[in-house]
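This report concerns only the one structure given below.
The values are calculated or read from the model by the stated rules, or taken from the named source; none is laboratory data. Just so you know, these numbers come straight off a predicted model, no measurement behind them. Backbone-built Cβ (ideal geometry, glycine too); neighbour counts: all protein chains shown. Quick note on the areas: whole protein, heavy atoms, side chains included, nothing else; ligands and nucleic acids left out. Shrake-Rupley method; radii C 1.70, N 1.55, O 1.52, S 1.80 Å.
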Amino acid sequence: FICQRVKVLCLELINKTVFNLQQPTGMGHIQIDHWASLQQTGISELAHYMRQYFLPEVKKAVVDNLGEEASKEWFNLHEVDRAKYDTSKVSTMLMHCRLTMQDCLRSFAQREVAGLVGWVENLVPESVEVSGFHNVVNIYPDCKIAGYDAARVSHGRSLFVIRLSDKPPEAHVPAWPVNLTSGDFHSAALSCFQHFLSSLEGVSRPERLVAPFLCRGRDGSTLRPFEKTECWIVDAQARLESAIHRSEPWLVEIRALFQEFTDLSVLNTAAVVDKVRCQDPPATVTEMSSIIDRRSMDRQRIVDFVPVCLTVGPFHIVTSDLRNFLSSKHDDVVEGIQDLMARRLHSSMDACVEQFSDFSTNLTKKVHNIEELCEMFDYLGSIPAELSKIEAEIKSNMEFFETLERFKVKLQVEDSHLRWNMFKAPKDVHQHVTKVAAELEHERDKLSAAMTEEQKLFEVALDELEQDVRSLNQYTTLDDAEQAHACVERISANLLEAQEKSRLFNSREALLNREPTDYGRLQAAAKNFEPFLHLWSTAHILTTSKHSWLEGPFDEIDAKVVEQEVLNGAKLMFKVIRTLRESADQLGILDVAEQVREQLEEFKPFVPVVVALRSEGMKERHWEAVSQLVASQVHPEMENFTLRGFLNLGMQAYGEEVSEIGDRAAKEWQLE
């Protein structure tokens, strides 16, 4: 009775179905991972059935039906002596149950594996002819799956949906679209195949269920219905993989159809628009219109060429997202170019209107002098040429506007206003120019009369300036240096102003087409004034600065200023004396010039000492070297740290040596 009960349980098990392989008519497409989840659920339910029902029922059939016999010698389930157990009737009975269970599991596994492999083989067509997106033909042989006949169909027996990614390919990915492959189906089916077989390998033997003490520590506590290396398992796995891989070449052919769009998929639309934006010279309306037309045609070709979906064997390939993605590339370029055109149109029209506004602003300016009058006349003369340029821009802008209207680009209301303001502006400018030209002719006569009166007053000013230059002969001693310097400064400023005015009058006379007035007397006055300017300017510097150079703190002396004033002053005095000697009435002033030159020559030997000792690199060691030269302590903290103090020490006699020390200090300071 026990063996009979075990057979019944095995029949119940063998009648179960693990893999969900039904495909009724009208079944929708599912994701591969969803299909895999259904199969894994069936395998999990089988494992649960084995643990919670089948094995407990086997144990119950043995234990309950033995009853009191279970404690007797021949049927003792508590026997711990292996030798006695092996010769008992219960051992034979449990072995019979074990073999029944093992055969049942083997047959069950063979049936389910055959069903899975056969289902996959019949799901994959014999071949697929791919000659285009709209010409994919699936060829199926006769098969035993209910609901299918041998057919040559375009829709196929697709079960698994593959939604093509709308992501562009990456540099390291050789195939695109990247998810158009049978790899996921292969992984899912193989995983279900192996998981199912593994779930049947851990079923406990009946001996372990009812006599655990005898099986403790012994091998073979679980049933071995099959070995995974058996031919029927190896062949089944090979057939499964072969059937799935049979789809891969066809998917490769579909991928090949997409290869012409690879460059488009990675197209940087913003860069395309930027390239047009930065083109030099700027792209014309015709060029940008051509880009838009070409992109629109390419977009329509994608819509016509790439279907929303297609079937390749067991795969229902959804291409809508990818098609929309590729189409959007062209759309983005078109929108970018249209936006660029609209912005350029707005900017160009705004610039045109702004130029006309500038015309109006400039034409309304008031002229205050002859220069502005002539500039305005020149401006009026340039307007026709400028208008010709702008009218060409206006024509281009009108073409722009018409092109954007053809593309049905929505423009701002402001753009329409700019369009008509730009269109009527040239006529307004021409009328304004005619009016301003008449006003300027009248203004020319007024300004010409006013300049004649100014020139008369200028001649009087020149008489006074010549008198001022002659009055400088009254200063004949060095004691007059301060007063004479103030006088030459005033005359110098008046001369500069007069020279500027004379150039202005001559310039305006040229603008008015009048003969230029000769102001040669002004140049003569400036030439006569030059020796007085150099003399009294140098004398002023000498009388005001010499004392501070000699008696002031030595560390406050600017050596460059001293060198420049003394050396340049001496050169100027040489020229002044030579000029004064040529004039018999300048003898009194000649004495002053010679005195100034004499004092400068007396001071020149001190200049090297000042330049050397005021070097920025003078350190303690350098002052020590100077002290050794003059045999006296010389340093910045000494009591009489002045040039006079140095001269009292006789330092001018060591000019060359002191200069060498100063040069060395300067070079060392630069290196530091």
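Sorted by accessible area (1.4 Å probe), largest first, how do Phe325, Phe305 line up? Spell out each step's value before the answer.
Values: Phe325 35, Phe305 60 Å².
Ranked from most to least accessible, the order is Phe305, Phe325.
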Cut-off 12 Å, label point 7 angstrom out along Cα-to-Cβ of Ser191: give me the residues of region 96-119 whose amide nitrogen falls inside.
none
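Report the calculated FRET efficiency for Lys456 and Lys527 (r = Cβ-Cβ distance, R0 = 35 Å), to the nearest 0.05. Working shown, then result.
Details: r = 25 Å, r/R0 = 0.71.
About 0.90, to the nearest 0.05.
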Given a cut-off of 21 Å, name the pairs among Lys501/Lys575; Lys527/Lys575; Lys275/Lys408; Lys604/Lys667; Lys365/Lys456 whose C-alpha atoms lie farther apart than that in the structure shown.
Lys501/Lys575; Lys275/Lys408; Lys604/Lys667; Lys365/Lys456
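Hey, with R₀ at 45 Å, roughly what FRET efficiency would Lys575 and Thr364 work out to, going by the Cβ-Cβ distance, to 0.05? Let's see the in-between values first.
Values: r = 55 Å, r/R0 = 1.23.
Computed FRET efficiency for Lys575 and Thr364 comes out at 0.20.
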Simple spin-label model, 7 Å along Cα-to-Cβ: Asp339 to Asp280 in nm?
2.5 nm
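In nm, what is the difference between 0.36 nm times the number of residues separating Asp445 and Ala510 and their Cα-Cα distance? Walk me through the numbers on the way to the answer.
On the way: separation 65, 0.36 × 65 = 23.40 nm, distance 1.49 nm.
21.9 nm is the gain from fully extending Asp445 to Ala510.
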Using Stokes-Einstein with the Kirkwood hydrodynamic radius over Cα pairs, what translational diffusion coefficient do you get for the chain at 10 °C and a viscosity of 1.306 mPa s, in µm²/s rounded to a whole number?
40 µm²/s
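Figure the gain on full extension for Ser357 and Arg294 (residue separation times 0.36 nm, minus the Cα-Cα span) and round it to one decimal in nm. Provide the component values of the computation, followed by the final result.
On the way: separation 63, 0.36 × 63 = 22.68 nm, distance 3.89 nm.
Value of the extension gain: 18.8 nm.
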For n ≥ 4 DSSP H runs only, could you compute -39500 (n - 2.57) per run for the chain, divide by its residues and tell me the 222 nm figure to the nearest 500?
-23000 deg cm²/dmol
Between Gln431 and Met638, the two model label points (7 Å from Cα along the beta-carbon direction) sit apart by a distance in nm of 9.0 nm
Mean-position separation - Cα centroids, region 526-560 and region 408-460, in angstrom
56 Å
Alpha-carbon Rg with Dmax, taken over region 473-599, Å:
18.5, 63
Aspartates and glutamates within cross-link reach of Lys366: Cα-Cα under 20 Å, excluding same-chain residues under 8 positions apart?
Asp358, Glu375, Asp378, Asp428, Glu439, Glu441, Glu443, Asp445
Calculate, for Glu466 and Asp558, the FRET efficiency according to 1/(1 + (r/R0)^6) with r their C-beta to C-beta distance and R0 51 Å; round to the nearest 0.05.
0.85
Calculate, in nm to one decimal, what Thr543 and Val266 gain on full extension: separation in residues at 0.36 nm each, minus their alpha carbon distance.
91.3 nm
Tail beyond 24 Å, pair distance distribution of region 181-327 (Cα, percent)
63 percent
quick note, the chain, DSSP beta bridge pairs, % antiparallel (nearest 5) is 75 percent
